[in-house]
1. Among 81, 141, 46, rank each residue by its count of other Cβ atoms within 10 Å, from fewest to most, as a rough exposure measure.
2. How far apart, in nm, are the 7 Å Cα→Cβ label points at residue 163 and residue 271?
3. Run lengths n ≥ 4 of DSSP H only: what is the helix-derived mean residue ellipticity at 222 nm for the chain, with -39500 (n - 2.57) per run over all residues, to the nearest 500?
4. Round to the nearest 10 and give me the degree value, 0 to 90, for the angle of helix 242-266's Cα axis relative to the longest principal axis of the chain.
5. On average, how much area does the Cα convex hull of the range 248-336 cover when viewed from any direction, in nm²?
6. In nanometres, what is the gap between the two model label sites at residue 179 and residue 63, each 7 Å from Cα along Cα-to-Cβ?
7. Among 146, 64, which comes first, second and so on when ranked by fewest other beta-carbon atoms within 10 Å?
8. Sort 312, 52, 231 so that the residue with the fewest other Cβ atoms within 10 Å of its own Cβ comes first and the one with the most comes last.
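Each value in this text was obtained by applying a stated rule to the coordinates, not by laboratory testing. Model, not experiment: these values are computed from the prediction. Positions of Cβ are backbone-derived with ideal geometry, glycine not excepted, and every protein chain shown enters the neighbour counts.
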């Protein structure tokens, strides 16, 4: 949820404090004692599958720095780039399906940390438009398989001297990229990226917007062995008109997240698939003069499925939402929880 999702208008409403809550009411959910915003009525019926973490705290309220910290557990610095969680999974365990990328990012983020200091092959395949699928995965019109193979051999022959002279990780990554691309082009699992294979009713249930179709694509990729997928949903930076923009954003999120949880549950995949929802930070308890909320280093995250204990709230903020009242945690703790579920070494 890029931009800084307002925890106070989603997962941690404060209906007893009118100055903080504004017009937002809290509603009961399918889990005793767990309440969410009235903007999330559909997912409220699925909260017995979820843990809401209301005591997340970060060390910065600047977008780029906080987003980097959330993805990597490290502070942003000029001398090193750290891997995202999907890259760690790829490095330690390899791809779930050798024919497909180990790690896919669905959205548009040129500053994503990706592979960090690992080899480029551990970084995500970036898919900007889920409905368009993967582009340029078929040879050009009139190019036969034999001619394509000949061109590949010629390119390899021309590159050999350079690769031998400059035997570096960067050059090797470039060659590996071609090999991986060709392997993907020839794979029957390429169909995983084709949303037209889904029934129209299923596509509608996720919502026909970019985020909804991105999450549907994520489910298809999981089915085909891709082990780590991130789907971005932006525009949560509600400095102005928070109580107009947040309900609109929540309506999309509510539809999509409910569809994803329901879909995985019906397919028997929810216990083996962890859905993690988070933002880089939250928003101020104080409502500003533009009826908006500004950046704030306290926020909420949600985990569904993947063996997590459902139907609970972990941690709490103070009644006014300005501080952590119990069980303070941060992005490194959340990432360690994901890593533990994935079987990664936490040291």
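1. Going from least to most buried by this count: 141, 81, 46.
2. In this crude label model, residue 163 to residue 271 measures out at 4.6 nm.
3. So the calculated ellipticity at 222 nm is -11000 deg cm²/dmol.
4. 60 degrees
5. Directional mean of the projected Cα hull area for the range 248-336 stands at 7.0 nm².
6. Label at residue 179, label at residue 63, 3.9 nm between them.
7. 146, 64
8. On the way: 312 16, 52 26, 231 22.
Lowest to highest Cβ neighbour count: 312, 231, 52.
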